[in-house]
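> Mind looking over this structure? Questions follow.
The values are calculated or read from the model by the stated rules, or taken from the named source; none is laboratory data. Note that the structure is a prediction, hence the values are computed from the model and not measured. Positions of Cβ are backbone-derived with ideal geometry, glycine not excepted, and every protein chain shown enters the neighbour counts.
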Amino acid sequence: MTETSAFRPVLCSRPWRLWQNCPVTTASETTWLTVPDLVELLGMSPSRVRRLIEDRALLATRMDGVLKVPASFIRDGEPLSELRGTLVLMQDNHYTDDEAMRWLLNVDDSLGTAPIDALLAGRKAEVRRVAQALAF
């Protein structure tokens, strides 16, 4: 069962990260998929789905104790291929998972859209440049 809810930005412990209070993309709503949803959608086992999360091919967050992934991270029945490298870059630059999730789902002024939407539009290099610049 998918769930649609706003991913509510919270104050970040790093005050130079101004994007944490930006409006959420796509009309303030994100569709969230649970691990069982992903198992059905991707046609793989729960352990394989969890491995995708561990390997940074997907990013998940816990909501009410349940691990969830934004549906926008899936394209054509597979994890968005551009996402993994972006997540690795963000991890290397000391973004927490919550910071990475917030940034990916919120409109970024430099991009003019949410980074996930820019990735879906094929703007991978630009998204990664902005993520790299925000780390400093």
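> Within the range 85-105, can one find any residue that is of a type in the set (D, E, K, R), in contact (Cβ under 8 Å) with a residue 24 or more places away in the chain and not in a helix (DSSP H, G or I)? Walk me through it before giving the result.
Our first condition is that a residue be of a type in the set (D, E, K, R); within the range 85-105, this holds for 92, 97-99, 102.
Still in the running and in contact (Cβ under 8 Å) with a residue 24 or more places away in the chain: 97-99, 102.
From what's left, not in a helix (DSSP H, G or I): none.
Within the range 85-105, not a single residue is of a type in the set (D, E, K, R), in contact (Cβ under 8 Å) with a residue 24 or more places away in the chain and not in a helix (DSSP H, G or I).
> Looking at the range 43-75 only, could you name the residues that are part of a loop (DSSP other than H, G, I, E, B) and under 17 Å from the mean Cα position of the chain (by Cα)? Can you show your working first?
Of the range 43-75, the ones part of a loop (DSSP other than H, G, I, E, B) are 43-45, 55-60, 64-65.
Correct list: Asp55, Arg56, Ala57, Leu58, Leu59, Ala60.
> Determine, yes or no, whether Leu58 is modelled with pLDDT of 95 or more and either buried (at least 20 other Cβ atoms within 10 Å of the Cβ) or touching a Lys or Arg at 6+ places or on another chain (Cβ under 8 Å) (or both).
On the way: modelled with pLDDT of 95 or more: yes; either buried (at least 20 other Cβ atoms within 10 Å of the Cβ) or touching a Lys or Arg at 6+ places or on another chain (Cβ under 8 Å) (or both): yes.
So Leu58 passes the test.
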